[in-house]
Amino acid sequence: MSFKPRILIAEDESGIADTLQYVLKSDGFTPVWCATAEDAIAQFAQEPPALAILDVGLPDLNGFELFKRLRALNQSQGGAEVPMLFLTARSDEIDRVVGLELGADDYIAKPFSPRELVARVRTILRRSARAGAGGAAGPGDGVPPRIPGAAPPATAQPPAMPFALDNERMQIRYYGRLLELSRYEYGLLRLLVQRPGRVFTRDELLQMVWDDASDSFDRTVDAHVKTLRAKLKAVAPEVEPIRTLRGTGYALNEELPQTP
């Protein structure tokens with residue numbers, strides 16, 4: 001019998017929950033739906049899932065607070081860290097920023113494409129497995145299931161990144177050299193560095209970095225990425241840290257050399 005990773009869903013809207021359960025089940029996962037944060041905590045305590053999908057606007061507890069409690073519960077259980085993804089309203093830019101700041105692995109805005117959500121779930125699980133922090137991956141990924149009650153496997157440390165963030169001073173060092181960045185260059189690079197490999201669309205970058213995205217355009221993002229690349233290339237000419245996905249957006253290269 002094939003292993004079907006459990007996906008915990010904390011979502012109070014039954015229509016959205018039904019869609020999530022259907023698409024996840026169709027893709028070989030085992031969805032576990034909880035309509036309240038209290039139920040989600042109980043299910044998590046009973047058996048940690050491979051991944052948790054948390055709605056920000058739950059009726060009994062803020063989704064961010066639920067994230068903190070599940071993370072604390074996860075640590076107290078001594079098992080591998082469970083990756084988590086937030087569901088947010090499309091207009092709530094601050095929710096996306098706060099979610100990523102807390103340490104969530106990703107977010108997806110409502111209304112969303114079910115196929116896109118499943119793709120992101122798979123990507124997060126693969127990334128967690130590679131870093132040794134997962135414990136389960138999507139069907140067909142070739143990662144064995146975590147055995148309940150067994151000692152967690154030794155975790156491999158991800159390779160050191162050449163970027164060093166100083167959030168208090170709003171500064172970024174690249175291979176030890178301080179970068180001279182504009183406000184928006186700093187915001188763009190900081191976002192990419194915090195989620196290596198995560199593809200951000202131009203619209204997402206506009207919403208999360210610019211003060212008034214409605215007054216900005218996709219070309220604005222492209223122009224700032226171009227100047228960022230020039231500054232990074234001045235430090236390490238042979239390294240290409242920012243990847244372009246044509247027609248989609250940008251991502252930070254996950255496999256950067258530790259020395260230029």
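The values are calculated or read from the model by the stated rules, or taken from the named source; none is laboratory data. In this text the structure is predicted, and so the values were computed from the model without any measurement. FYI the Cβ positions are ideal-geometry reconstructions off the backbone, even for glycines, and counts take in every protein chain you see. Areas reflect the complete protein model, heavy atoms only, side chains present, ligands, DNA and RNA absent. Shrake-Rupley method; radii C 1.70, N 1.55, O 1.52, S 1.80 Å.
Tabulated data for the structure shown
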quantity: Failed criterion for Thr220 (all others in (1) open to solvent by less than 80 Å² (accessible area, probe 1.4 Å); (2) within 19 Å of the chain's Cα centre (by Cα) hold); calculated: (2)
quantity: Check on Leu205, open to solvent by less than 60 Å² (accessible area, probe 1.4 Å), touching a Leu at 6+ places or on another chain (Cβ under 9 Å) and modelled with pLDDT of 90 or more; calculated: no
quantity: Residues that are in contact with a Ser or Thr (Cβ under 7 Å, 6 or more places away or on another chain) and part of a strand (DSSP E or B), drawn from region 243-252; calculated: Gly249, Tyr250
quantity: Which listed residue is part of a loop (DSSP other than H, G, I, E, B), open to solvent by 60 Å² or more (accessible area, probe 1.4 Å), modelled with pLDDT of 90 or more and closer than 23 Å to Arg127 by Cα, from Glu255, Glu240, Glu180; calculated: Glu240
quantity: Pair list, Cβ < 8 Å and 6+ apart or interchain, from region 31-51 residues that are without any contact (Cβ under 8 Å) to a residue 24 or more places away in the chain and over 15 Å from Phe86 (Cα atoms) to residues that are assigned to a loop (DSSP other than H, G, I, E, B) and among the aliphatic types (A, V, I, L, M); calculated: Glu38/Leu61
quantity: Tally, over region 135-174, of residues that are closer than 18 Å to Asn253 by Cβ, at pLDDT 50 or above and open to solvent by 40 Å² or more (accessible area, probe 1.4 Å); calculated: 5
